[in-house]
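Coordinate-derived values only; no laboratory data. Values in this document were obtained by computation on a predicted structure and should not be read as measured data. Counting neighbours? That spans all protein chains shown, and the Cβs are built from the backbone with ideal geometry, glycine included.
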């Protein structure tokens, strides 16, 4: 079938002589084919009476002006508000379906409460209810945790089959691409001097994950004795992570002797140490904040250690 916008016709004025019977027949055949093509396209969105199709299961007439199909006519994309009164249970009812949703169906849901733990989604389609946990993550999926969803937040969830839903939208954190994994609170004990290098000031066991990056941040005060050159640095297992932070030394006036950090850490300023490394660990990895250097004269106190995952 020729493109109705480029129908081939033999024109007498262009040819410069009368058309033959064969050329006239070819013109009529091409015109008929073009008209048929236009009619076929017309019937996609219109009835034979010319009215725009708007019945269930047909093209959404309101979207034709933009040459698109409205999402409300796609059989696997839905929007509903949560009707459950429980924070960790989401329930939506779909009048468009009478059977269980197909795997790959996507649901945009307006949540009506902040969650406090793992969340179960119930999709009601007629007399059928499909229930399953909402999972987050990539290669490694986990249940939702406290505060992942907020009241009135609109989330996108895909049905993965086998009573499991996958969260497609970002979690409800201040930066939607960063998730706090853990906070290690107030290790108030002073670390005794140690000549070994490196020496762990604190550590955290990072579980397997699918984050693109891991960010660690520690607030601590660390001080070295006068003339003792030491550094602080994060490690992932046995791998050092830049940057390296120089530990401040005790300042002792001339002629008063050597200052010893192991006598008191109160002279040390509180500092923030930050490092970033690739995520996607397939097994548990230990993050260390190390004292680097062989000097034994140092002291450290930790306020907290925070670990973040970048989606």
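Odds and ends about this structure:
- Rounded if a/c under 1.5, otherwise prolate or oblate - region 88-141, Cα gyration tensor axes: oblate
- Note on region 75-167: Cα Rg divided by 2.2 N^0.38 Å, N the number of residues, gives 0.98.
- Between residue 31 and residue 77, the simple spin-label model (points 7 angstrom out along Cα→Cβ) gives 4.2 nm.
- Pairwise FRET efficiency - residue 266 versus residue 217, Cβ, R0 = 25 Å, nearest 0.05: 0.65
- 19 Å reach of a label modelled at residue 100, 7 Å along Cα-to-Cβ, counting backbone N of region 136-161: 157-161
- Multiplying the residue separation of residue 140 and residue 239 by 0.36 nm and subtracting their alpha-carbon distance yields 33.3 nm.
- Ordering of 215-226, 15-26 by packing [mean C-beta count within 10 Å, highest first]: 215-226, 15-26
- Rounded to 0.05, the FRET efficiency of the residue 183 and residue 152 pair, given R0 = 30 Å and the Cβ-Cβ distance, is 0.65.
- FRET efficiency for the pair residue 110 and residue 162, taken as 1/(1 + (r/R0)^6) with r the Cβ-Cβ distance and R0 = 30 Å, rounds to 0.70.
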